[in-house]
1. Please determine, in degrees from 0 to 90 and to the nearest 10, the orientation of helix 177-190 with respect to the longest principal axis defined by the Cα atoms of the chain, where the helix direction is its Cα long axis.
2. If each DSSP helix of 4+ residues adds -39,500 (n - 2.57) and the sum is divided by the residues in the chain, what number results at 222 nm, nearest 500 deg cm²/dmol?
3. Give the shape of segment 19-78 as rounded, prolate or oblate, defined through the alpha-carbon gyration tensor: a ≥ b ≥ c are the square roots of its eigenvalues, a/c under 1.5 means rounded, and otherwise the shape is prolate if a/b is larger than b/c and oblate if not.
4. Apply the Karplus curve 6.51 cos²θ - 1.76 cosθ + 1.60, θ = phi - 60°, to the phi angles in segment 90-105 and return the couplings in whole Hz, x for Gly and Pro.
5. Enumerate the whole-percent occupancy of each 5 Å bin, from 0 to the last occupied one, for all C-alpha pair distances of segment 1-116.
6. How far is helix 134-164 tilted, in degrees, relative to the longest principal axis of the Cα atoms in the chain, given as a value from 0 to 90 rounded to the nearest 10?
7. If the only charges are +1 at each Lys and Arg Cβ and -1 at each Asp and Glu Cβ, what is the size of the charge dipole of segment 49-191 around the Cα centre, to the nearest 20 debye?
8. Go through P128, W21, S62 and say which Cα lies farthest out towards the positive end of the charge dipole of segment 2-169; charges sit on Cβ, +1 for Lys and Arg, -1 for Asp and Glu.
Amino acid sequence: METWIHRIDIFSKSIGHAFAWCVLVLTAGTCYEVFMRYFLNNPTNWAFDMSYMMYGALFMMSGAYAVSRNSHVRGDFIYRNWSPQTQARVDLTLFIIFYFPAVFAMVYVGGAYSFESTRILESSVNSPAGVPVWPLKLLIFVGGLTLLIAGVAEVMRCLVCMRTGKWPARGGDVEELEEILLKQHSEKAAQ
């Protein structure tokens, strides 16, 4: 099971890192628009569409990465005091009651919505450029699938923890400030 957890975490990380480049595209496009609008008095007709499409793609496709890194919001002030097995039981219950129904709804409803948009090759009505928006809407379905896969890894992670009493290791490429401060505090307390 831990092999599958690791593989899914690598998949989620790869998707998250690939779509993180949207930040650079978004920044470059916005800077270009500001320059054109305020310095050359010649605004673009595509910058608004580009900005919400890049932000939407980033938001939709980074969800699985956040799940794999345990970065979602939680009441840690209570949760962190529980034993790992209690944490795993609560996590498993919450995944089954809340996470999976929401993700299944996203895949099912978002899939129908995005497939219809793709079928008609929908384009933006917000600007004269008529930028195609069907690729962004298709990401609703794809993002839901990545969340579903990441959720399966989390359920496996909970089952391993319930069996062994320890959480399986997570891949790490970014560390939260709170975690760094807790480590420093633990090291000082140990000394």
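1. Long axis of 177-190 versus the principal axis of the chain: about 20 degrees.
2. Working: 9 runs with 133 residues, N = 191.
After summing the helix terms and dividing by residue count, I get -22500 deg cm²/dmol.
3. Here segment 19-78 falls in the prolate category.
4. 3J(HN,Hα) across segment 90-105, in whole Hz: 5, 4, 4, 4, 5, 5, 5, 7, 10, 5, 5, x, 5, 5, 4, 5.
5. The calculated distribution, bin by bin, is 2, 9, 11, 16, 16, 14, 10, 8, 6, 4, 2, 1, 0.
6. 0 degrees
7. Using only the charged Cβ atoms, the result is roughly 480 debye.
8. Result: S62, furthest along the dipole toward the positive end.
Coordinate-derived values only; no laboratory data. Keep in mind the model is a prediction, meaning the values are calculated, not measured. Note that each Cβ is placed from the backbone with ideal geometry, even for glycine, and that neighbours are counted across all protein chains shown.
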